[in-house]
Each structure stands twice: as C-alpha cells, then as structure tokens.
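S.K.: This is the structure I have questions about; it appears just below.
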Amino acid sequence: MEDMHWHSRMRLTALAAGAALLLPATAPPASAAPVDEAGLREALLDQVDLPPGWAADSEQAAAERGIGVPTPREQACLPLFLDAAESVEARARADFARTPSGPFLVTTAASHDSEAAARAAVEAFTEATRECRTFQTEEGVEEYTVTIVYRATDLDVEGLGDESTAIRFHRQPETPDDPPVITDVVLVRVGEHTVRVAQAGRDDPGTENIEPLAERAAEKLREVSEGRTPLPPADQPGAVDL
C-alpha cells in the first residue's frame, strides 16, 4: 500500500512539473526608456501650472531686455543654472515672466543616460552650492551694462521627487533705496531625469514661493516618466500676454 501511495505522489509531482513547463515564463519588467525631448516638453511647467499673471518668455527676450534669471560669470556657479553634463541625452526648457522687469522663471528638464548619472548631476549641483557663495553677472544691453553681485544663503526645499536640493541668492543693492531681490534655484531628481526651477525677482509677494512650483514640476516629470499624460490643475488660471 505504501508503494502505491509513493508512486501516486511521484506521478502527481511529474504532472505538476510538466504543467509548469507549459506555462509561459514570466519576463522581468522592462525598464522605461528615458523620456525624449518631446516628452520633456510635456513635463515642463506651463502657464496653467502657474498663478494668474505669468506670461511666456524666452532666452532671446531676456537677452534683448538685458535682465532675467541671472547667468553667473564664475565657472563654479554655472552648474546651479545650466545643466552641461555629458550624460544628458535630451533637454527641454520653458521661460516665463510676470512683467518685463520681473519676476522671471526658468524651468529645465533633462533625461540622463542612467539613474547614476542623474544622481551625479544632483551631487554636482550640491557641490556647487557649497563652492558658489557669491557670483557676478551682467545686466543691461550693449554699453549700458552693469555688474551685479549675488550672495548665497541657504534654502530649505526637501522631500521633492527622489531627491532635491536648492539654494537662494540675495542681490547686493546698488543704492540704499534698491528693493531686495532674490534668486532661488531648485533641482529635483525623478529616476534618471532631473528638473530645475529657477526664479529671480523682488523679495515680495509678486515673486512666487518656489517650493510648490518645483513640487508641481517634479509631479509632472514623474507622470511623464511613467508614461502618463499630466492633467492640468483643477484651478488652472488663465494665460496672459505681456
């Protein structure tokens, strides 16, 4: 009787093994490809993500005005404002302004060739926040340019995306009557992608709190990187022209 039970168990085991061989193998989940330029443009902040009053801007318009989000002279400070990493496979940018004299907003999204490369971009930004405690930039056009000095302070923006880092600069006033001006920059990583949000303007209610803008940018980048289409905010404002 025991031999009969043993042979029965062997037959059941063999049948189960044979059935398993007939089932399709479960393939490992495929990793999503980095977002291309068209996808990155879809992930960028746009006017419906901003409070009322913002208009589309451009690098060319900023150059013609001679004022916008500053570009430092110092090489050590450039990683805070420009993503020149060799690992960047695709990049997209959008510019906005409230008035011709500011505040100004620039958002840039990038796809890197790996998550490690995106992490390295965040590390380079963080290192630049330590090294770049002051920088100079030019404002104005042609012979009417002036040198402007910005000095760094800390900006606490954490918990965005997979990791985030930020810095704030205060413009050194040219005269005692000059209003205080700040420039904030936030870099957020989402997988193998990064998004940078930079804003320059007077330190008053007309200049937005940059944290919710960076949070929205990270949220859109996450949706696009997962193959979803970002939905506009429920309270989307209207667009305006300068």
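The numbers here are math on the coordinates, done by the rules we state, and not lab data. The structure presented is a predicted model; accordingly, all values stated were derived computationally and were not measured. No Cβ is skipped: glycine too gets one built from the backbone with ideal geometry, and neighbour counts run over all protein chains shown.
S.K.: Kirkwood Rh and Cα-based Rg: tell me the resulting Rg over Rh for segment 36-179, rounded to two decimals.
M.R.: With Rg and the Kirkwood Rh in hand, the quotient comes to 0.96.
S.K.: Another question about this same structure. By the gyration tensor of its Cα atoms, with a ≥ b ≥ c the square roots of the eigenvalues, what is the shape of segment 147-197: rounded for a/c under 1.5, prolate for a/b over b/c, or oblate?
M.R.: In terms of gyration-tensor shape, prolate.
S.K.: Kirkwood hydrodynamic radius, segment 46-123, all distinct C-alpha pairs: what's the number in Å?
M.R.: 14.1 Å
S.K.: What distance in nm lies between label points placed 7 Å from Cα along the C-beta direction at VAL146 and ARG73?
M.R.: 1.6 nm
S.K.: Another one. Explain nothing, just compute: Karplus ³J(HN,Hα) = 6.51 cos²θ - 1.76 cosθ + 1.60, θ = phi - 60°, for every residue of segment 97-107 in order, whole Hz, x for Gly and Pro.
M.R.: Coupling constants for segment 97-107: 8, 8, 9, x, 10, x, x, 10, 9, 10, 10 Hz.
S.K.: Can you list the HN-Hα couplings for segment 178-183, worked out from phi with the Karplus curve (6.51, -1.76, 1.60; θ = phi - 60°), rounded to whole Hz and with x for Gly and Pro?
M.R.: Values per residue, Gly and Pro as x: 5, x, x, 10, 10, 10 Hz.
S.K.: Does segment 185-225 classify as rounded, prolate or oblate by the C-alpha gyration tensor (a ≥ b ≥ c root eigenvalues; a/c under 1.5 gives rounded; else a/b over b/c gives prolate, otherwise oblate)?
M.R.: prolate
S.K.: Taking a temperature of 10 °C and a viscosity of 1.306 mPa s, what whole-number D in µm²/s does Stokes-Einstein yield for segment 93-242 with Rh from Kirkwood over alpha carbon pairs?
M.R.: Reported coefficient: 95 µm²/s.
S.K.: Using the beta-carbon distance between GLU59 and GLU127 and R0 = 25 Å, what value does 1/(1 + (r/R0)^6) give for FRET efficiency, to the nearest 0.05?
M.R.: According to the calculation, E is roughly 0.45.
S.K.: Sticking with this structure for a sec: Would you mind checking which residues have amide H under 5 Å from GLU74's amide H? H placed 1.01 Å from N; only 5 or more apart, or other chain.
M.R.: Those qualifying (amide H under 5 Å, at least 5 residues apart or on another chain) are GLN136.
S.K.: Rounded to the nearest 20 debye, what is the charge dipole size of segment 154-206 about its Cα centre when +1 sits on each Lys and Arg Cβ and -1 on each Asp and Glu Cβ?
M.R.: That gives segment 154-206 a dipole magnitude of about 160 debye.
S.K.: Taking amide H atoms as placed 1.01 Å from N in the peptide plane, list the residues 5 or more away in sequence, or in a different chain, whose amide H sits under 5 Å from that of GLU163.
M.R.: Answer set, sorted by chain and number: ARG189.
S.K.: Can you give the relative contact order of segment 121-242 as a percent, counting alpha carbon pairs under 8 Å and 6+ residues apart?
M.R.: Dividing the mean separation by the residue count of segment 121-242 yields 17 percent.
S.K.: Another question, then. Each residue of segment 185-193 in turn: what ³J(HN,Hα) in whole Hz from Karplus with 6.51, -1.76, 1.60 and θ = phi - 60°, glycine and Pro shown as x?
M.R.: 9, 10, 10, 10, 9, 10, x, 9, 10
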